[in-house]
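So the structure is just underneath, and the comments pick up after that.
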Amino acid sequence: MAKRKRCGAKGPAAHSDMVISAGLKDCGTESRVHGDWLVYSNQLVLTNAAVPSSTGSLIVRWATTVIPIECHYKRKQTVSGEPLTPTWLPMTSTISVFGLLHFSLRTMADGCPSPRSSSVYQQGEAVFLEASVEAPLHPPLTLYVDSCVATLKPDPLSLPSYKFITKHGCLMDSVLPGSSSKFLPRKQDNRLCFSFQAFHLNKETVEQMFISCHIRATLKQKSHSHLDKACFFNRPTFRWRATEGDDALCGCCASEDCNTGHTTRLNTEEKHEADTAVGPLHTLPRSHWTGHLSVNH
C-alpha cells in the first residue's frame, strides 16, 4: 500500500483487530476483470506484529509479512443506490502466512492443572511437563512431542544425557519397571502434557537437570501417521498405547525405527517445529524424604 496516513491501520498495537479505512481505488489498489467478476487486489504489509497470547503476554515478531488481499464484485447485477457487497474468498494460504507461532515448554503441578511454582523434585517423583503452541491467527493445529532429552547442562548435546522420548513421540521412560511415566489425555489440541519420574544422572547429592524437547505442530488431519503420535507403555496390558487415536501407530516404538511405513505427506505441507527447553530442575536423592511423593499410577 502507498505510504499515506489513511492507508495505515488504526487501533492500539496490542489488539489483534485493526481498521484500515480508505477508498476502494486508494493505496495502490489494482483492478481487473475476471469472467463475471470485477477484482480489486492489493497487499497488506505487516511489520513489528504483536499478538497477545492466552497468558496475557505479547508475542512479538519483527519480520515484515506481506499478505495478498482480493475483493470480488459481481459484474452482472442491477445497479441501484445501495452499496455493492463484495464477495470475500477464503485464503487459507494468507492465514498461514500471518499465523504467528509461539512454542513453549513448562513444568506443571500434578496432573497438569496449573504451572508448578517449585523446581525441586525428589528422586522418583513425577515431573509433569506441558508442551504448547500458541497460534491466534493460524488454522487449528495439533501439537506433538517428537523427542526429549535430560542433561546436566543447558546444551542438549552434552553428556551425560538420557533420552526419555524418542522415535517421534515414544515415551521410552515408561518401559522401565515401576515407571508411571505417560502422556496425559489432551484437553486442547495445541497442548500436550506428559510425565516422567525424576532421576539422577550421576551420584551427586543434589543434581540440577535441563530438559530439552523438539516439539512440532501440524494442521489437524483426518488420519494420523507414525510420525504424529503420543505413545507410552501401559504395564497392566503390557503393550504400547496411544494417548489418542489408533494404538497401532505405537507399534513401532518397540522396533528400531518409526520412520518406515508412515503416511506420505505432501511436499507442500508447511512445517511448524521448534526446540524448547526448561530448567534447571533440582533433584534430591531418596534420602531427602519429605513425606510427599507425587507418583500417579
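The values are calculated or read from the model by the stated rules, or taken from the named source; none is laboratory data. The model shown is predicted, which means the values in this text are computed figures rather than measured ones. Virtual Cβ from ideal backbone geometry, glycine too; neighbours counted across all protein chains shown. Protein only, heavy atoms only, side chains kept; ligands, DNA and RNA dropped before computing areas. Shrake-Rupley method; radii C 1.70, N 1.55, O 1.52, S 1.80 Å.
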Out of the residues in the stretch 143-154 that are of a type in the set (Val, Ile, Thr) and crowded, with 20+ Cβ neighbours inside 10 Å, state the one that is farthest from Leu227 (Cα to Cα).
Thr151
Residues (among the hydroxyl-bearing types (Ser, Thr, Tyr) and either open to solvent by less than 10 Å² (accessible area, probe 1.4 Å) or within 18 Å of the chain's Cα centre (by Cα) (or both)) located in the stretch 241-258:
Thr243
Does the stretch 120-142 contain at least one residue that is modelled with pLDDT of 90 or more and open to solvent by 60 Å² or more (accessible area, probe 1.4 Å)?
yes
Filtering the stretch 98-119 for residues that are without any contact (Cβ under 8 Å) to a residue 60 or more places away in the chain and surrounded by fewer than 14 Cβ atoms within 10 Å (Cβ to Cβ) leaves a count of 6
For the stretch 224-240 the number of residues that are out of contact with any strand residue (DSSP E or B) (no Cβ under 7 Å at 6 or more places or on another chain) and either closer than 21 Å to Gln188 by Cβ or open to solvent by less than 20 Å² (accessible area, probe 1.4 Å) (or both) is 3
Pro185 passes all but one of (1) in contact with a strand residue (DSSP E or B) (Cβ under 8 Å, 6 or more places away or on another chain); (2) within 17 Å of Phe128 (Cα to Cα); (3) surrounded by fewer than 22 Cβ atoms within 10 Å (Cβ to Cβ); which number fails?
(1)
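Here is a check on your reading of the model: is Ser223 out of contact with any Gly (no Cβ under 7 Å at 6 or more places or on another chain), in a loop (DSSP other than H, G, I, E, B), at pLDDT 90 or above and among the polar types (S, T, N, Q)?
So Ser223 fails the test.
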Among the candidates Ser132, Ser118, single out the residue that is polar (S, T, N, Q) and outside any loop (DSSP other than H, G, I, E, B).
Ser132
When the stretch 150-204 is checked residue by residue, the ones that are in contact with a Phe, Trp or Tyr (Cβ under 7 Å, 6 or more places away or on another chain) and among the β-branched types (Val, Ile, Thr) are Thr151, Val175
Mind listing whichever residues of the stretch 155-178 are within 16 Å of Cys250 (Cβ to Cβ) and either without any contact (Cβ under 8 Å) to a residue 24 or more places away in the chain or open to solvent by 20 Å² or more (accessible area, probe 1.4 Å) (or both)?
Thr166, Lys167, His168, Met172, Val175
